[in-house]
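Below you'll find the structure, written out as C-alpha cells, and then a few comments.
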Amino acid sequence: MELVTIQQEVYEYHELSDKAKDSVRIALIQDYDCEHIIDSAKEEGRAKGFIIDDVRYSVGTHTHDGASWTGAIDLIDFFEANPDPEFIGEEVMIIELMRNDWIDKNVEVNQNSFHYVDSSTMRLGDVVDYAESVEDNENNPTLVEGIMEGANVKELFDSFHWAKRLDLMVERALEAVKEYADNIYTQIKEDYEWQVSDENINELIYINGWRFNKRGEII
C-alpha cells in the first residue's frame, strides 16, 4: 500500500473571491428557517382577529419577494379592535348583527397566485348577509345576545345603508391583513439579511473553525 499526500490550498473566508463567497452564503442558507417568526406572527395575529393557517414567503430571490397568509378573520374581534370613530354607531350595529348570525362573523383569507406570494395577491372571501330572509320572516326576529339584545332585526337593517358600510369595513379589513403580511415579510427579510451577512458568516466560521477551498467549499 502506498500513501499519497495531496496538497490543497486552504483559504480563509476573507481571502475568497466574491463568487466563492456567494457559494458559501448559498450553502449556509439553503435550509433557511424562519418558523420562529411565523409562529410568533400567528400568535400575535390572533389578538387582532387574524386566524393564520399558513404563511407563504419569498426572500432574496427576485423582485416579487414578499409574504402573504391564508386563514380567516374573526370580524367581530377585528372591528371591535379597529373601529372607525366617525361611523362607530353604524359599525356597532353591524357587529351586533354579526354576533347574532345575521351577517357572517368570519371571512376566509385567500391567496390567488401560484407564482407570486406578496401581499398584493391576498383576497377575502364573501361576507354573506341574511337581510333578505328577514323580509320573509313573519316572526319579527330580534337580537338574542349582545349589547343590542332585543332590537328588531328588520328595523336595524332598515335604519341605515348597512351594505355600503359593510363593504367599507371589509375593505379596511383586507388592507389590514395585507399590512400584517408586509410586517411579517419585513421581519423575515431582516432575519434573512442577517443570516447572509458577512458579520454572521464570519461568526459561524469562527465558531466552527471552517476553512475553504478556492470554490468556497468547506474542507
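Readers should treat all values here as calculations from the given coordinates under stated rules, not as data from a laboratory. This structure is a prediction, so every number in the text was calculated from the model and none was measured. Positions of Cβ are generated from backbone atoms using ideal geometry, with glycine treated the same way; all protein chains shown enter the neighbour counts.
If exposed means no more than 14 neighbouring beta carbons inside 10 Å and the site is in a DSSP loop, what's the longest run of the chain without any exposed GluC sites (Glu not before Pro)?
Free of exposed loop sites, the longest segment is 13-137.
Largest first and in whole Å, what are the equivalent-ellipsoid semi-axes of the range 80-154 based on the Cα gyration tensor, each being the root of 5 times an eigenvalue?
31, 17, 9
Provide the FRET efficiency to the nearest 0.05 for the E43-F114 pair, computing r from the beta carbons and using R0 = 30 Å.
0.60
How much mean residue ellipticity at 222 nm does the chain get from its helices, if each DSSP H run of length 4 or more adds -39500 (n - 2.57) and you divide by all residues, to the nearest 500 deg cm²/dmol?
Mean residue ellipticity, 222 nm, calculated: -14000 deg cm²/dmol.
Would any residue of the range 202-219 have its amide N under 20 Å from a label point 7 Å out along Cα→Cβ of E9? List them or say none.
Once the point is set 7 Å along Cα→Cβ of E9, 210-219 turn out to lie under 20 Å by backbone N, inside the range 202-219.
What's the extension gain from D54 to N137 if we count 0.36 nm per residue and subtract their Cα-Cα distance?
Between D54 and N137, full extension yields 25.9 nm more.
Say each of E175 and D191 gets a label point 7 Å from the Cα, pointing the same way as Cα to Cβ; how far apart are those two points in nm?
Between E175 and D191, the simple spin-label model gives 2.9 nm.
List the lysines whose alpha-carbon lies under 19 Å from that of K48, not counting same-chain residues fewer than 8 positions away?
K105, K178
Indicate the gyration tensor shape class of the range 16-69 (rounded, prolate or oblate), computed on the Cα atoms with a ≥ b ≥ c the square roots of the eigenvalues: a/c under 1.5 is rounded; otherwise a/b larger than b/c is prolate and the rest oblate. It would help to have the intermediate numbers written out before the result.
Numbers: a/c = 4.44, a/b = 2.59, b/c = 1.71.
Note, shape of the range 16-69 comes out prolate.
Just to be sure I understand the model, the point goes 7 Å from the Cα along the line to the Cβ. What's the resulting L168 to E80 distance in nm?
Going by the 7 Å Cα→Cβ label model, 2.3 nm.
Could you tell me the ratio Rg/Rh of the chain? Both radii from Cα atoms, Rh via Kirkwood.
Working: Rg = 27.1 Å, Rh = 21.4 Å.
Reported Rg/Rh (Cα atoms, Kirkwood Rh): 1.27.
Would you calculate the separation in nanometres between label points at E149 and K19, each defined as 7 Å from the Cα along the Cα-to-beta-carbon direction?
7.6
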